[in-house]
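Scroll down for the structure; my scribbles are underneath it.
The values are calculated or read from the model by the stated rules, or taken from the named source; none is laboratory data. Since this is a predicted model, take the numbers as computed values, not measurements. Because the Cβ atoms are built from the backbone with ideal geometry, glycine has one as well, and the counts that use them run over all protein chains shown.
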Amino acid sequence: MKIIFDIIMNDNSFVPYIRIEVMAVQKKKERPDKYYSILNAAGTVFARLGLHKATIAQIAQEAGVADGTIYLYFKNKDDILYQFMSFKSDLFFESMGRAVQGSDTADVKLRNLILCHLTEFQQDRDMAIVFQSEVRYRRDIASKIKDISKIYFDLLTEIIEQGQNEGVLRQDLFMGLVKRFVLGAVEGVINTWVAADGKYDLVSMADPLMELYLNGIKAR
């Protein structure tokens, strides 16, 4: 995936606009279907058993392939996890880019960003479990997590700066704190949903989050 900074005119001033081009579809054409069957099977097994308890044999059985087939595409379980996360991240940001770019005002962009985030995790609960319980705490793939966070924070920066230009967001915001507030709250909601075994509608949390972001907790 790559991020392109375009320049657009907004209220007589030039504003950087992030355009995301994700090559997930192109990448998929370069890999056989069996590769993706193994990735999806691994996600299911990792979500059910955890990385350490999961075995190559269990992943192969879930994917409907021989054990040796796994090693045609992956070095080991850690490599499967890394490639699973990379592929899912590409798809995730492809959807997120479409959601943001299909909006005009900053508040709608922010809502669509949050709505897309929650929707993607609700629709792929295996990804949600693996990411929340396995991926984010592993130092060996910290650089990948950093890349994912940077893309998300860049999107938030664009939205917040647009909201400031539109006059709907305060000018005195501490950008780093705001971005961590937004992402941290979304991750907290997803963690709670995963811990509750997905027994309620995760997407329904989008509007309460937006209300909290825009209006805070102070009585009005």
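For the stretch 195-202, check the following and say yes or no: at least one residue is within 23 Å of Asp126 (Cβ to Cβ), surrounded by 13 or more Cβ atoms within 10 Å (Cβ to Cβ) and either in contact with a strand residue (DSSP E or B) (Cβ under 9 Å, 6 or more places away or on another chain) or at pLDDT below 95 (or both).
Yes: the stretch 195-202 contains one or more residues that are within 23 Å of Asp126 (Cβ to Cβ), surrounded by 13 or more Cβ atoms within 10 Å (Cβ to Cβ) and either in contact with a strand residue (DSSP E or B) (Cβ under 9 Å, 6 or more places away or on another chain) or at pLDDT below 95 (or both).
Taking Ala42, is it over 18 Å from the mean Cα position of the chain (by Cα), assigned to a helix (DSSP H, G or I) and buried (at least 18 other Cβ atoms within 10 Å of the Cβ)?
Yes, satisfied.
List, please: which pairs have Cβ atoms under 7 Å, are six or more places apart or on different chains, and start with a residue in the stretch 54-83 that is under 17 Å from Lys34 (Cβ atoms) and end with one that is of a type outside the set (A, V, I, L, M) and surrounded by 20 or more Cβ atoms within 10 Å (Cβ to Cβ)?
The qualifying pairs are Ile80/Phe74; Gln83/Phe74.
Got a number for residues in the stretch 47-65 being hydrophobic (A, V, I, L, M, F, W, C) and more than 16 Å from Glu134 (Cα to Cα)?
6
Scan the stretch 95-114 residue by residue and report those that are among the aliphatic types (A, V, I, L, M) and free of Cβ contacts under 8 Å to residues at least 12 places away in the same chain.
Val108
Any idea which of Tyr152, Tyr213 is free of Cβ contacts under 8 Å to residues at least 60 places away in the same chain, hydroxyl-bearing (Ser, Thr, Tyr) and not in a loop (DSSP other than H, G, I, E, B)?
Within the list Tyr152, Tyr213, the selection yields Tyr152.
Could you check how many residues of the stretch 100-132 are in a helix (DSSP H, G or I) and closer than 30 Å to Gly50 by Cα?
19
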